[in-house]
1. Answer yes or no as to whether A63 is among the aliphatic types (A, V, I, L, M) and farther than 27 Å from E154 by Cα.
2. Within region 191-207, work out how many residues are surrounded by 15 or more Cβ atoms within 10 Å (Cβ to Cβ) and within 15 Å of A163 (Cα to Cα).
3. Looking at (1) in a helix (DSSP H, G or I); (2) touching a residue at least 24 places away in the same chain (Cβ under 8 Å); (3) of a type in the set (G, A, S), find the lone condition where A28 falls short.
4. Could you say whether any residue in region 135-155 is in contact with a strand residue (DSSP E or B) (Cβ under 9 Å, 6 or more places away or on another chain) and not in a helix (DSSP H, G or I)?
5. Take the residues of region 184-225 that are among the acidic types (D, E) and in contact with a helix residue (DSSP H, G or I) (Cβ under 8 Å, 6 or more places away or on another chain): which is nearest to I92 (Cα to Cα)?
6. Within region 108-116, identify whether any single residue is among the aromatic types (F, W, Y) and within 26 Å of L83 (Cβ to Cβ), and answer yes or no.
7. Can you tell me which condition V175 does not meet? The list is (1) at pLDDT below 95; (2) β-branched (V, I, T); (3) under 29 Å from E21 (Cα atoms), and all the others hold.
8. What are the residues in region 201-250 that are of a type in the set (S, T, N, Q), touching a Phe, Trp or Tyr at 6+ places or on another chain (Cβ under 9 Å) and in a loop (DSSP other than H, G, I, E, B), if any?
Amino acid sequence: MEKSKYIYGNWKMNGLLGHVELAKAVEAGTIEIGAQNVEVGICPPFTLLKTIKDGINSIVVGAQDCHFTESGAHTGDISAIMLKEIGVGAVILGHSERRTNHFETSDLVAKKAIFAQQSGLKTIVCVGESLQEREAGNAETVVLKQIIESALPELEAAKLIIAYEPVWAIGTGKVASNDDIREMHLSIRNKLIEIFGDSGKDIPIQYGGSVNAKNASEILAIENVNGALVGGASLKAPDFLEIIKAAATL
């Protein structure tokens, strides 16, 4: 069955060996829900990738970053080739926390995405505006510029997911209004079609930014919202499964 929703959990810098049981609980719950139309993914820290991948079979295990070269003198970095070798299926790139805290540019994100796809990984490219940029009326301009520079035509549409995450809504409990989400997702969809042609119609666009069990159904029902990139709520199996359940009913 073709997937219609894409729900990924970004654990960020959270998770010890005991969290492997959380991943197993999410997989078991997803099977129980019968969410055949939902692609479910978990993106734990690097230290847990192999252990979690060895313990689950039916959901995607993704990484939170990768380098843009195969190997070399890059202390502290992880290659997409290394990720692929241990069964990782996807990678988050350009998250606002990396753009801000690690000064990652869209050009760097594009390089990472190109090599990740060449290595066989699905790429989740994150874009989003700050509160200052939104209040100045520049939200759409900022996000579409990131789309143009991070999601280049060199990328393969079939291996691409765009995650729109307004920076001011990540981990704050604030959520963009439904109208704001609808308008931005439509703008992103139009830009993807402009870049990729007809293939741009099928690239999933996730919403991220304080998505939780209570607001998931409403957000996921908005046109052009094809899934969610979930932060804190993905660290609690019952909450994450409620989001997956909401997606499965749409």
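1. no
2. The number of residues fulfilling the criteria is 8.
3. (2)
4. Yes, region 135-155 contains at least one residue that is in contact with a strand residue (DSSP E or B) (Cβ under 9 Å, 6 or more places away or on another chain) and not in a helix (DSSP H, G or I).
5. So, considering only residues that are among the acidic types (D, E) and in contact with a helix residue (DSSP H, G or I) (Cβ under 8 Å, 6 or more places away or on another chain), the one nearest to I92 (Cα to Cα) is D202.
6. Checking region 108-116: at least one residue is among the aromatic types (F, W, Y) and within 26 Å of L83 (Cβ to Cβ).
7. (3)
8. N226
The values are calculated or read from the model by the stated rules, or taken from the named source; none is laboratory data. Predicted, not measured: the structure shown is a model, and the values here were computed from it. Quick reminder, even Gly has a Cβ in these numbers, built from the backbone with ideal geometry, and neighbours come from all protein chains shown.
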